[in-house]
Amino acid sequence: MIDGLVHLITSLTGWVAILMPALILWVIFYYKTREEIKKYETMVEIAKNLDDPSDIEDLLENFKENKKPIDYRRTGVITIFVGFGLYLFGLINIPILKGVGLLVICVGFGSLVAGYIYPNNTEEIDKAVEKFEKK
């Protein structure tokens with residue numbers, strides 16, 4: 001009886017471990033979709049109660065998500081320090097983390113260099129174009 005129960009528990013543990021990433025992704029997408037639906041339902045309800053069309057346009061502008069460009073320099077610095085922390089933790093406890101920390105530091109430096117190579121705001125892009133046109 002106990003052997004069968006142990007076998008059942010080990011089998012279920014394996015299945016749960018295999019299916020857990022799919023469950024996590026499903027939960028994330030479910031709640032993200034639900035949030036979007038509620039946002040649009042709220043927008044429709046507010047728009048029904050507004051009389052002035054310009055107010056509706058203002059409402060739509062407020063609900064738009066303004067996506068900012070990725071600042072690779074900031075991301076690179078953060079990644080470098082995360083890698084440094086992993087490296088220090090590897091010095092103290094787990095030696096394999098030294099290699100992981102160095103890898104993360106290298107990724108951070110790559111991101112930092114990419115931030116200087118690929119400018120992300122309009123002023124930097126304008127300056128880069130002007131420098132290129134002068135040559």
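The values are calculated or read from the model by the stated rules, or taken from the named source; none is laboratory data. Computed from a prediction, not measured in an experiment: that's the story for all the values here. Cβ sites come from the backbone with ideal geometry, for glycine too, and all protein chains shown count toward neighbours.
Observations, loosely collected:
- Cβ-Cβ distances below 6 Å connect the following pairs, each with a first residue in the range 118-135 that is at pLDDT below 75, a second residue that is assigned to a helix (DSSP H, G or I) and surrounded by 10 or more Cβ atoms within 10 Å (Cβ to Cβ), and a separation of six or more residues or different chains: Pro119/Ile125; Pro119/Ala128.
- Set side by side, the residues Lys67, Lys98, Lys38 differ, and just one is at pLDDT below 80 and charged (D, E, K, R), which is Lys67.
- Residue pairs whose Cβ atoms lie under 8 Å apart, sitting 6 or more positions apart in sequence or on different chains, and linking a residue in the range 27-51 that is touching a residue at least 12 places away in the same chain (Cβ under 8 Å) to a partner that is surrounded by 10 or more Cβ atoms within 10 Å (Cβ to Cβ), are Lys39/Phe63; Met43/Leu59; Met43/Leu60; Met43/Phe63; Ile46/Leu59; Ala47/Ile56; Ala47/Leu59.
- For the range 61-98, the set of residues classified as over 28 Å from Gly115 (Cβ atoms) and surrounded by 11 or more Cβ atoms within 10 Å (Cβ to Cβ) consists of Phe63, Leu91, Ile94, listed by residue number.
- Just one of (1) surrounded by 10 or more Cβ atoms within 10 Å (Cβ to Cβ); (2) under 21 Å from the mean Cα position of the chain (by Cα) fails for His7. It is (2).
- Hey, Asp55 outside any helix (DSSP H, G or I) and at pLDDT below 80 or not: no
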